[in-house]
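Student: This is the structure I want to talk about, given as structure tokens.
The values are calculated or read from the model by the stated rules, or taken from the named source; none is laboratory data. Values in this document were obtained by computation on a predicted structure and should not be read as measured data. Don't worry about glycine lacking a Cβ; one is built from the backbone with ideal geometry, like all the others, and counts go over all protein chains shown. Quick note on the areas: whole protein, heavy atoms, side chains included, nothing else; ligands and nucleic acids left out. Shrake-Rupley method; radii C 1.70, N 1.55, O 1.52, S 1.80 Å.
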Amino acid sequence: MRIHVIIKFMAKINITTLGCPKNQVDSEHLTKAFASQGFTPVDDAADADIILVNTCGFIKDAKEESIEEILDLAKLKKGGKKLVVFGCLAKRYKNELMKDIPEIDAIFGVGEEDRIIEYCKHSAFGNMQKAKRDIKMPIAYRPSPIASSYAYLKIAEGCNKKCTFCVIPSIRGKFRSVDSGQILKEAKEYIRKGARELILVAQDITNYGKESEKYNLVSLLKDMAAIKGNFRIRLLYLYPTEITDELLEYMAKEDRIQKYLDIPLQHSEDKILRAMGRRGTRKEYIKLIRTIRKKIPGVALRTTFIVGFPGETEEDFNGLVDFIEEIRFDRLGVFKYSKEEGTPASKLKGQVPEKTKDRRLDEIMRRQAAISLEKNRELIGRRYEAIVEEIDGNISIARLYSHAPEIDGTVIIEQPTDDMTIKIGDIVTVEITDAFDYDVKGKII
């Protein structure tokens with residue numbers, strides 16, 4: 001005789017997420033999986049029975065942040081609480097972490113969600129699982145409307161590029177596209193819950209659909225744009241040499257797609273690009289950016305650069321500065337080169353001193369701040385759509401099409417004193433009234 005038992009699990013879990021938006025998507029998926037198994041997600045790690053940390057191991061600073069967070073969360077362990085560590089750092093340094101931080105109860109790498117859940121079920125409920133021949137798990141959790149105006153959609157995993165400084169392929173494996181049906185299903189769910197912006201992320205979204213000759217990134221965007229609702233689409237992390245005319249032309253004509261592109265170039269000088277294993281040249285990058293600006297008038301361009309890469313001379317650095325001054329990116333981020341063990345770049349000669357890296361990073365950010373201020377001043381008097389992100393008293397924080405959440409600036413809005421009320425997720429029209437280095441100020445029209 002088979003015994004059918006329905007057990008309502010009351011164990012509480014909390015997931016702390018570090019690193020990039022791709023990790024955030026992984027944590028959200030894992031939270032849903034836990035909820036479907038009867039666990040209760042809580043916002044405060046101190047209230048959880050099982051504390052989980054999704055780590056980042058991309059560069060030195062990210063590794064240090066992950067370790068500090070693990071140590072802080074370990075202090076919450078009492079009364080049988082469990083501490084579970086997973087993600088990129090956990091995969092790279094499993095043995096070292098278990099040895100150096102004995103408070104960790106279990107450690108998992110990337111893509112081991114099923115093992116994580118099984119471990120937590122066993123930890124929370126002991127051998128009770130084994131005593132039942134057939135257990136039906138209730139879905140005890142229903143996601144509430146999202147607390148912010150946007151949601152990330154990871155459309156691919158892994159990477160096939162061979163950048164000499166990057167550990168991602170060794171951690172997350174080869175590039176593979178997420179099934180379009182799953183992406184569209186998630187998109188509809190987020191829109192139904194109130195998301196006003198869907199942000200597509202992957203290590204390289206331009207490579208989406210490479211497994212198929214008939215369905216690519218543009219195909220996915222067309223299907224997403226056909227979904228009913230009041231929402232926008234934003235694209236993050238495009239590999240420069242794989243941006244097609246087809247993509248640019250579709251972006252230009254589709255109103256749902258924010259006129260914003262995040263294209264990590266990493267450097268401008270041919271010698272350094274070759275040493276990095278990057279495709280493209282300075283000349284090709286300039287041509288690409290001119291093409292983008294021609295096909296998509298008013299487009300906001302963001303990029304990232306690495307300074308202090310092995311062999312980068314003052315001449316190379318000055319060339320990068322000149323490139324930035326010439327192109328005048330709307331948004332720009334800079335990282336100091338991080339010597340990551342196991343990467344080809346870690347074995348290169350000509351490692352640059354940390355003080356030199358610091359000076360070069362400060363120089364670029366100083367120049368970019370001036371460029372950003374000039375560009376923001378050009379917006380004064382113009383009107384744009386903005387998505388409301390936060391509300392604090394009579395001050396609201398919103399984002400223009402040129403603002404990706406968490407990495408770019410914002411528009412600061414003083415709400416009028418009349419009866420007008422706005423809420424998070426509202427799309428409003430604002431007129432820009434003042435400008436700062438990275439933020440702008442506006443009023444609702």
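Student: In the range 55-79, which residues are open to solvent by less than 60 Å² (accessible area, probe 1.4 Å), part of a helix (DSSP H, G or I) and in contact (Cβ under 8 Å) with a residue 60 or more places away in the chain?
Tutor: none
Student: Can you pull out the residues in the range 9-45 that are open to solvent by 50 Å² or more (accessible area, probe 1.4 Å) and among the small types (Gly, Ala, Ser)?
Tutor: The one that is open to solvent by 50 Å² or more (accessible area, probe 1.4 Å) and among the small types (Gly, Ala, Ser): Gly19.
Student: (1) at pLDDT below 95; (2) within 14 Å of Gln266 (Cα to Cα): which one isn't true of Gly342, the others all being true?
Tutor: The single condition Gly342 does not satisfy is (2).
Student: Also: Can you tell me how many residues in the range 388-397 are open to solvent by less than 60 Å² (accessible area, probe 1.4 Å) and either assigned to a loop (DSSP other than H, G, I, E, B) or at pLDDT 95 or above (or both)? Working first, answer last.
Tutor: Initially, the range 388-397 is screened for residues open to solvent by less than 60 Å² (accessible area, probe 1.4 Å), giving 388-389, 395-397.
Filter once more, keeping what is either assigned to a loop (DSSP other than H, G, I, E, B) or at pLDDT 95 or above (or both): none.
Number satisfying all stated conditions: 0.
Student: I'd like to verify a number: residues in the range 254-283 that are open to solvent by 10 Å² or more (accessible area, probe 1.4 Å), more than 18 Å from the chain's Cα centre (by Cα) and under 15 Å from Lys161 (Cα atoms), how many?
Tutor: 6
Student: Any residue in the range 196-220 that is closer than 20 Å to Ile168 by Cα sitting within a Cβ distance under 7 Å of a residue that is in a helix (DSSP H, G or I) and acidic (Asp, Glu)? List the pairs, counting only those 6 or more apart or interchain.
Tutor: Going by the 7 Å Cβ cut-off, the qualifying pairs are Thr206/Glu242; Asn207/Glu242.
Student: Can you find even one residue in the range 80-89 that is part of a helix (DSSP H, G or I), under 19 Å from the mean Cα position of the chain (by Cα) and surrounded by 14 or more Cβ atoms within 10 Å (Cβ to Cβ)? Steps first, answer last, please.
Tutor: So in the range 80-89, the residues part of a helix (DSSP H, G or I) come out as 88-89.
Applying the additional criterion that residues be under 19 Å from the mean Cα position of the chain (by Cα) yields 88-89.
Applying the additional criterion that residues be surrounded by 14 or more Cβ atoms within 10 Å (Cβ to Cβ) yields 88-89.
There is at least one residue in the range 80-89 that is part of a helix (DSSP H, G or I), under 19 Å from the mean Cα position of the chain (by Cα) and surrounded by 14 or more Cβ atoms within 10 Å (Cβ to Cβ).
Student: Just to be sure I understand, how many residues within the range 237-269 are in contact with a strand residue (DSSP E or B) (Cβ under 7 Å, 6 or more places away or on another chain) and over 30 Å from Thr313 (Cα atoms)?
Tutor: Number satisfying all stated conditions: 6.
Student: On to the next question. If the requirement is being of a type in the set (D, E, K, R) and either over 26 Å from Leu236 (Cα atoms) or in a loop (DSSP other than H, G, I, E, B) (or both), which of these qualifies: Lys339, Lys375?
Tutor: The unique qualifying residue is Lys339.
Student: Another one. Would you please name the residue that is least open to solvent (accessible area, probe 1.4 Å), looking only at residues in the range 323-362 that are free of Cβ contacts under 8 Å to residues at least 12 places away in the same chain and more than 11 Å from Gly308 (Cβ to Cβ)?
Tutor: My answer is Ser346.
Student: Working only within the range 99-115, note down all residues that are open to solvent by 50 Å² or more (accessible area, probe 1.4 Å) and within 15 Å of Ser27 (Cα to Cα).
Tutor: Correct list: Gly111, Glu113, Asp114, Arg115.
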